[in-house]
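Structure, as structure tokens:
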Amino acid sequence: MTLYYSPVLKTIASIFECVADVHGNQVILADPTVSCETSWSRTLLQIQGIAAAIIVGEGFPLYVIYKTSQLKSKGALDAHSHFSSLFQWYSPLVPYFEAFHMLRKAGLIAAGTVFGSPTTQSVIYLIINISFLILLRVLKPLVFFPCSIFKGKNLFLLAEMLGCTISIIGNLLALIGSFSQEAVNFVGLHQQLSTNST
């Protein structure tokens, strides 16, 4: 189930992706016969896309929370469960943490789809990834596996936090890059104006 989560969300998000056609009109990339500006078919696609995004984007994580909580209350969080892939790497205290991974993916995909500005996308990505890093730090959801380099530390948690930190660094670099493009545009505009005024 979790393997298909991101590709399904990306496919749903493609409903909203618009490009310019050969005539300069904005059309949906998945179906160039549908205009992005205003059309009844575009409205129907948006309604279907939003419904699918809610059902899949929130439904799967809610199901993970429901199912793992149900198994936890029955004391059935073991390797013999059909759902063991959802909780096997997580502490019995937070067997539902896979749902947070899924919601993080959904948030990142939604931010990349809904917001066109690279600066806005970078800020939202940064907020999502910092929030996830805080969740990792506070909940410590992963099964303890001793680290040989850092004594007494959880190797799985360190690896997960390192991956999240690398994402945050990438988000910061993208944010800086989006500002530098604006700075380059400003300097070019300033140079052009000062050249024309003399």
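The values are calculated or read from the model by the stated rules, or taken from the named source; none is laboratory data. Everything quoted here is computed from the prediction, not taken from an experiment. Cβ coordinates were reconstructed from backbone atoms using ideal geometry, including for glycine residues, and neighbour counts include every protein chain displayed.
General remarks:
- For the condition in the same structural domain as residue 3 (by TED's automatic domain parsing), surrounded by 14 or more Cβ atoms within 10 Å (Cβ to Cβ) and not in a loop (DSSP other than H, G, I, E, B), residue 45 qualifies.
- Residue ID - surrounded by the fewest Cβ atoms within 10 Å (Cβ to Cβ), chosen from residues in segment 66-83 that are under 24 Å from the mean Cα position of the chain (by Cα) and either of a type in the set (Phe, Trp, Tyr) or under 24 Å from residue 159 (Cβ atoms) (or both): 66
- Residue that is modelled with the highest pLDDT [pool: residues in segment 54-81 that are touching a Leu at 6+ places or on another chain (Cβ under 7 Å) and of a type in the set (Gly, Ala, Ser)]: 57
- Looking only at segment 1-16, residues that are of a type outside the set (Val, Ile, Thr) and at pLDDT 75 or above come to 7 in all.
- Residue count for segment 4-26, restricted to those that are under 30 Å from residue 102 (Cα atoms) and assigned to a strand (DSSP E or B): 2
- Residue 145 vs. criteria more than 20 Å from residue 106 (Cβ to Cβ) and either in contact with a strand residue (DSSP E or B) (Cβ under 8 Å, 6 or more places away or on another chain) or touching a residue at least 40 places away in the same chain (Cβ under 8 Å) (or both): yes
- The set of residues from segment 151-182 being among the hydroxyl-bearing types (Ser, Thr, Tyr) and out of contact with any Pro (no Cβ under 9 Å at 6 or more places or on another chain) comprises 165, 167, 180.
- Some residue of segment 132-139 being exposed (fewer than 15 other Cβ atoms within 10 Å of the Cβ) and either touching a Gly at 6+ places or on another chain (Cβ under 7 Å) or part of a loop (DSSP other than H, G, I, E, B) (or both): no
- Residues that are surrounded by 15 or more Cβ atoms within 10 Å (Cβ to Cβ) and hydroxyl-bearing (Ser, Thr, Tyr) within segment 85-118 comprise 90, 91, 96, 113, listed in sequence order.
- Per the listing 77, 62, 71, the residue uniquely in contact with a Phe, Trp or Tyr (Cβ under 9 Å, 6 or more places away or on another chain) and either within 25 Å of residue 114 (Cα to Cα) or in a helix (DSSP H, G or I) (or both) is 71.
- Filter result for the condition that a residue is touching a helix residue (DSSP H, G or I) at 6+ places or on another chain (Cβ under 8 Å) and farther than 24 Å from residue 111 by Cα, over 69, 81, 35: 81
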